[in-house]
1. For the range 45-229, report the accessible area per residue in Å² (1.4 Å probe, heavy atoms, rounded to an integer).
2. Checking the table K132/K187; K169/K224; K125/K220; K108/K224; K187/K220; K132/K224 against a 21 Å threshold on Cα-Cα, which pairs fail?
3. For the range 45-229, which whole percent of the accessible surface, found with a 1.4 angstrom probe, sits on carbon and sulfur atoms?
4. Report the accessible area of K125, computed with a 1.4 Å probe over the heavy atoms of all protein chains in place, in Å² rounded to the nearest 10.
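The values are calculated or read from the model by the stated rules, or taken from the named source; none is laboratory data. Note that this is a predicted model, so its numbers are computed, not measured. We work out accessible area using only protein heavy atoms, side chains counted, and drop any ligands, DNA or RNA first. Shrake-Rupley method; radii C 1.70, N 1.55, O 1.52, S 1.80 Å.
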Amino acid sequence: MKSPTAPRLPVPTSVLNMFKDQEEEVVDDSTKHGGRVRNFPHVRGNWTTYVYMPYEASEDFLELLELLISHARTYAVSLAAMEEFHISLSQNVVLRYHWITPFVQSLKEHLATAYRFFCTVDQVKVYTNQNKTRTFVGLEVSSGHPQLLELVSGVDRVMEEFDLPTFYKNPSFHISLAWCVGDLTDKLEGQCLQKLQEIVDGFEDSAFLLRIQWEQIRCKSGNKLFSFPLRCPV
C-alpha cells in the first residue's frame, strides 16, 4: 500500500525575493503610460539600458515649457511635459542581467577623464521616435558639440565592446521638452515652430537660463541607476 504523498511546503518569500532583481517582469499596458508603445518587446532577463546627462529643471525652465505647451494647443496639438529632462548619449539598447556590472565598469573607465562643461540649448526643434509613434518638441544644442561628441565617442567604445548599437551619425543633441502620441510633425513645423522659437528667444533671461553646466553622466538599466560625476576643471 502506497503512503500518501506529503503536501509540498510553500517556498519562503525570502527565497522568491532573491531573484526579483535578476528577472524584471513587465506587463506592457500602453493605457498606463499615455498610449506610448514600447519600441521593442520586453523579454524576461533583458534590461533596457541607455546613457544620458540629467538636467534638473528650474522653476523658470518649467514656466517656459508651459508657455510652449500652451501655444502648441492653438495649433490643435496637445503636448504632455516630459517627466524628466536629459541629453541622450546613447540609443536604447538591451543588456542581459549578467552584462550590467561589466558594462557599467567599462563606462566608468572610458568616462573617467571627462570634465564638466557648459552647452547652450536654445533652438526649438521637432523630433519623432524611430517608428514615428511619438512626436517630441525639444531644445537643440547650439554650442558644446565638441564636448558632447567626445563623450559619445567614449560611450560608443563601450557599446562596441558588447556588440551593441552605437549612437546616431551626426546626432542632433537636444533636451526633449514635451511629447504627444503619433506623428504630428506637419502641425508643429512651419508657423507653429517659428512662434515657439520666438517664445524661447523672448523669454526673460533665456540666454542665462539655457546655458547649462553638465556635472554628471548617468546610465539607467531597468530599475538600476548608475552615476558618473564629471571632473572639476583645475
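1. Details: 9440 Å² over 185 residues.
So the range 45-229 comes to 51 Å² accessible per residue, rounded to a whole number.
2. On the way: K132/K187 14 Å; K169/K224 28 Å; K125/K220 25 Å; K108/K224 15 Å; K187/K220 33 Å; K132/K224 28 Å.
Check vs 21 Å cut-off fails for K169/K224; K125/K220; K187/K220; K132/K224.
3. On the way: 4570 of 9440 Å².
Percent of accessible area from carbon and sulfur atoms in the range 45-229: 48.
4. Surface accessible to solvent at K125 totals approximately 80 Å².
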